[in-house]
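The values are calculated or read from the model by the stated rules, or taken from the named source; none is laboratory data. Predicted model, so just to flag it, every value in this text is computed and none were measured. Cβ atoms come from the backbone with ideal geometry, glycine included; neighbour counts cover every protein chain shown. The protein model used for the area step is the full one, side chains on, heavy atoms only, and it has no ligands, DNA or RNA in it. Shrake-Rupley method; radii C 1.70, N 1.55, O 1.52, S 1.80 Å.
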Amino acid sequence: MNAIRIRKALSTTAVIAATAAITSTVVSQMHEDAPSPEQVMEAWMSFGQPGPEHKKMADMAGTWTQQQTYWMIPGAPPEQSTSTATFKPMFDGRFMVEKMKSVMKTPDGQEMEFEGFGVFGYDNQKEKHFFVWFDSLSTSMMYGEGETDGNTITYLSEMNNPVTGDPMDYKTVVTTHSPDKPDHITHESHHEP
C-alpha cells in the first residue's frame, strides 16, 4: 500500500515539475518576444498620426450650404432640403466635427426644423471612414463606416425603423465638390427597406 502511495506521489510530483518547467519556458519566451516600451510607444504614435485620408477630410472644413436628398418612403420621390453646416477639425485633423441646421419638409408638406451633430474620421487600423451622428429628430446615435471613391464617401449603417421597430439599412453618400461651388458638399440619405 505504501509503495502505491509513493508511486502516486512521485507521479504527481513529476507532473507538477514538468508543468512548471513548460510554464517557465513559455513565460520566458513571451517576455523575449514582447516589444520594448519604446517599440510600443512608436507603434501607438504611428497608429495615431493623421494620413492622406485625414487630409482629404480637411477639405470639408468651413461653413457650407449642403444640398440634402432623403429617400424616406421606398418608391416615393425623394425629399430635398438645404442645410447650413459648419465643419471644424478636431485633434489636429484626426476628426471633423459637423454642426448642421436645416428645415425639412415632411411628407405632408409641412416644414420642420432639424439640427444635427456629427463626428467624422478615418480609422488607420481598419482603413475605413466612419461617422457618429446625433440629431434633433431622434434619441439614438447612428454609427456608420464608409469607403472612398474619389471625392465621395459612401457610409453604411443600420438603424431601427421607427414605424416597425425592425432594423433597416441606411446609406449616406457625402460628396465634396470644388470649394468655389456654393454647394461644396452634397449629402444623400437612403433608408433601405
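Observations, loosely collected:
- Residue count, segment 173-193 (criterion: within 18 Å of A76 (Cα to Cα) and either open to solvent by less than 80 Å² (accessible area, probe 1.4 Å) or at pLDDT 80 or above (or both)): 5
- Residues being part of a strand (DSSP E or B) and more than 17 Å from T84 (Cβ to Cβ) - total across segment 104-119: 1
- Pair list, Cβ under 9 Å, 6 or more apart: segment 71-91 residue of a type in the set (K, R), other residue modelled with pLDDT of 75 or more: K88/A61; K88/G62; K88/M96; K88/V97; K88/E98; K88/K99
- Boolean, T63 is among the hydroxyl-bearing types (S, T, Y), modelled with pLDDT under 80, part of a strand (DSSP E or B) and on the phi < 0 side of the Ramachandran plot: no
- Restricting segment 117-127 to residues that are in contact (Cβ under 8 Å) with a residue 40 or more places away in the chain and open to solvent by 40 Å² or more (accessible area, probe 1.4 Å) leaves a set whose member that is nearest to M90 (Cα to Cα) is Y122.
- From F87, F114, F130, F95, residue being open to solvent by less than 90 Å² (accessible area, probe 1.4 Å) and more than 22 Å from K56 (Cα to Cα): F114
- For D169, the test of being surrounded by 12 or more Cβ atoms within 10 Å (Cβ to Cβ), under 19 Å from the mean Cα position of the chain (by Cα) and at pLDDT below 90 is passed.
- Lone unmet requirement of (1) part of a strand (DSSP E or B); (2) over 23 Å from N151 (Cα atoms); (3) under 22 Å from the mean Cα position of the chain (by Cα) for S46: (1)
- Checking the stated criteria, G75 turns out to be open to solvent by 80 Å² or more (accessible area, probe 1.4 Å) and assigned to a loop (DSSP other than H, G, I, E, B).
- Taken over segment 135-159, residues that are surrounded by fewer than 12 Cβ atoms within 10 Å (Cβ to Cβ) and in a strand (DSSP E or B) amount to 1.
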